[in-house]
């Protein structure tokens, strides 16, 4: 293929995600892989697999933006943007009306508020603590010797309002053991874990005006997390079609924007890092976002 | 938004070399005073009544400065556990804990920096709780350790308006302190000498204030990080001619920078405010991060803590009582909010960073909603970062750097 492609790579603490878009913002390829020890290697892996899915070559990549904790270790990226800005950008593209974005990642949780004009108004990250993050769940799952998927399935069968109250991953682990000893059903304990995370998220939410979208690996893989958040927030949340890829998607959209603004990228097949002639404005601008509707590109929720 | 890593070169401050020799002289003099039976050493809190001690003829040492040195040396976390082991909570002041722990371990950064064994043995320890109560317990630890008297002043705290009654009360406590010292050491205070010391203290403080005010220029000739380095004389040498001379020289250098348009942060794009304590172990990394983001921290509450009002030549104790009571840290939330807004306006601040220092609640102002109020009522973008003044275990570099970069991205969006 000789189409211009735009790449976003989110080198997260647990997983590295890649999204490849065409210049109209349509999804051409994506991939996710464990970050492992080497962010650069993980970035190469997800890029290669995404390009394979896009039936494209590396030379088709016009511009790449990296994000996530390992954003500085992505060789292809022409610049780095924080995951806070990228998640907000991705979520806003899916849901232009969104006012708050909750991202629950492996290492941290972020709550981002955007103004009605789409600009970031405020954001918060969890403090230096695993409670309220994906790591919390992984740690407890490991302690229980139960796969995370199974904890999610158990949690969805919970019919009580059990919460794990401890404010700390280590103490939460102890609390779980105490509850097991006390004979509490596994379904309740499992749901309690998700509610514990949700209660930490609520602490970070300074505004509840407008729709809330949720992103990140935890909501992508655990329905119970979405349920716990909806219970805690007393409202339905928007779950995008690719929650775990929201940061990479935002990064790829920023890459398109950079190209359009003449701020980065290269000409097809060339090695230039600057642009000689910016492209025409992208086609297909629709009400749902500048690059078309959600369903057109990803399928509805 | 952050481009790929670039390195921006800062312009060195010429007075730096003089500062080094000035501080070396100060510490070597303290060390010799501690071993000379004819001379006496007092320990004093950083915004405490040091002018009285100087006027009595004591050489004055400031343990908080030592705590900051332990932090900047990135060793606090090695010594805090020693203090915790003898009953001091890990969640109380890491200056105090690392200082106590270092003393228990027989370590001091003064050994390497100035070739002296460590803090000079005190003849008296004097505190003021105008900044926090922790200093009182910190001082008592060393009082017991050295079998040395501990004396102090407890001004009324968390004040909105500072009234004549408040000042009169503190003045009375200072007078009582003078009497205690006279009795304990069989000395008589020379009031003319006190006036002279207070005048020098006020002069150094006034020059320091003028120096900080040069950062109102666009571009700013100095940053918060420069302030952290060059503030030492206004704390530890307050009341000396050397401090006055030093700040006259530094002020001239900054005024020259303003005249010549020399920027502390080349291509200054954002002007920030730092609220709360510095993160001493991460000063270099943070300084470089802001430099590369072309963001200058043009003003801070911390550096302003030693910018006192001018002494009019009248009652020196009244001036001391007033300045000690009026300081920012000793005021209520509303007064602090008004102060911050005035600073934001005068320094043309784009956004404010609040440091939530885990072990320093008294010098952390993001715990009662102030950051949110400033954002919502006054539309000032704010960022709260978690960390600590000295104990690096409470600080996540990766998370903080992401927070700071995202804040700059937010400010860029606002400017578009």
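We did not get these values from a lab; they are worked out from the coordinates using the rules stated. Nothing here was measured: the structure is a model prediction, and the numbers come from that model. Glycine gets a Cβ as well: all are built from the backbone with ideal geometry, and neighbour counts include every protein chain shown.
Subtracting the Cα-Cα distance from 0.36 nm times the residue separation, let me have the gained length for residue B:16 to residue B:377 in nm, one decimal. Write down the numbers at each step before the final one.
Numbers: separation 361, 0.36 × 361 = 129.96 nm, distance 4.07 nm.
Full extension from residue B:16 to residue B:377 adds 125.9 nm.
Kindly provide the helix-only [θ] at 222 nm of the protein assembly as shown, computed as the sum of -39,500 (n - 2.57) over DSSP H runs of four or more divided by all residues, to the nearest 500 deg cm²/dmol?
Details: 28 runs with 336 residues, N = 717.
So the calculated ellipticity at 222 nm is -14500 deg cm²/dmol.
Taking label points 7 Å from Cα along the Cα-to-Cβ direction, residue B:342 and residue B:28 give a separation of 4.2 nm.
Below 8 Å between Cα atoms, with a sequence gap of 6+, how large is the relative contact order for chain A in percent? Before the final figure, lay out the partial values.
Values: 671 pairs, mean separation 70.1, N = 301.
Relative contact order comes out at 23 percent.
Between B:216, B:133, B:393, the residue with the greatest mean-square fluctuation in the GNM of chain B (Cα pairs under 10 Å linked by springs) is B:393.
Can you tell me what share of the DSSP beta bridges in the protein assembly as shown is antiparallel? A percent to the nearest 5 is fine.
The antiparallel proportion sits near 40 percent.
Could you give the alpha-carbon Rg of the protein assembly as shown over 2.2 N^0.38 Å, rounded to two decimals? Present the calculation step by step, with values, prior to reporting the outcome.
Working: Rg = 28.8 Å, N = 717, 2.2 N^0.38 = 26.8 Å.
This ratio for the protein assembly as shown stands at 1.07.
Using C-alpha pairs below 8 Å separated by at least 6 residues, the relative contact order for the stretch B:179-322 is 34 percent.
Placing a pseudo-label 7 Å from each Cα along the Cα-to-Cβ vector at residue B:268 and residue B:415 gives an inter-label distance of 1.3 nm. Antiparallel beta bridges, as assigned by DSSP with both residues in chain A, represent about 65 percent of the total such bridges. Of B:280, B:138, B:306, the sequence from fewest to most neighbouring Cβ atoms within 10 angstrom is B:306, B:280, B:138.
Can you give me the Kirkwood hydrodynamic radius for chain A, using every pair of distinct Cα atoms, in Å to one decimal? Display every interim value, and only then the final one.
Values: mean 1/r = 0.0508 Å⁻¹.
One over the average 1/r among Cα pairs gives 19.7 Å for chain A.
Assuming a ≥ b ≥ c are the square roots of the Cα gyration tensor eigenvalues, decide whether the stretch B:306-350 counts as rounded (a/c under 1.5), prolate (otherwise, with a/b larger than b/c) or oblate.
Values: a/c = 4.00, a/b = 1.91, b/c = 2.10.
Taking the square roots of the gyration eigenvalues as a ≥ b ≥ c, the stretch B:306-350 is oblate.
Largest GNM mean-square fluctuation among B:146, B:218, B:66, using chain B with Cα springs under 10 Å: B:146. The distance between label points at residue B:192 and residue A:26 comes to 9.3 nm (points 7 Å beyond Cα on the Cα→Cβ vector). Can you give the Kirkwood hydrodynamic radius for the stretch A:1-92, in Å, rounded to one decimal and based on Cα pairs? Averaging 1/r across every pair of different Cα atoms and inverting gives 12.7 Å. Counting Cβ atoms of other protein chains within 10 Å of each residue's Cβ and taking the mean over peptide B:393-404 gives 4. Annotation: for a label point projected 7 angstrom from Cα along Cα→Cβ of residue A:181, residues of the stretch A:129-153 with backbone N closer than 20 Å are A:140-146. For peptide A:105-116, the mean count of partner chain Cβ atoms within 10 Å of a residue's Cβ comes to 1. Highest mean packing first, where packing is the average number of other Cβ atoms within 10 Å per residue, the peptides A:174-182, B:70-78, A:80-88, B:326-334 line up as A:80-88, B:70-78, B:326-334, A:174-182. With just the Cα atoms defining each centre, how far is the stretch A:150-190 from the stretch B:55-104? Give it in Å. Computed from Cα coordinates, the inter-centre distance equals 42 Å. Computed on the Cα atoms alone, the convex hull of chain B gives a volume of 133 cubic angstrom per residue.
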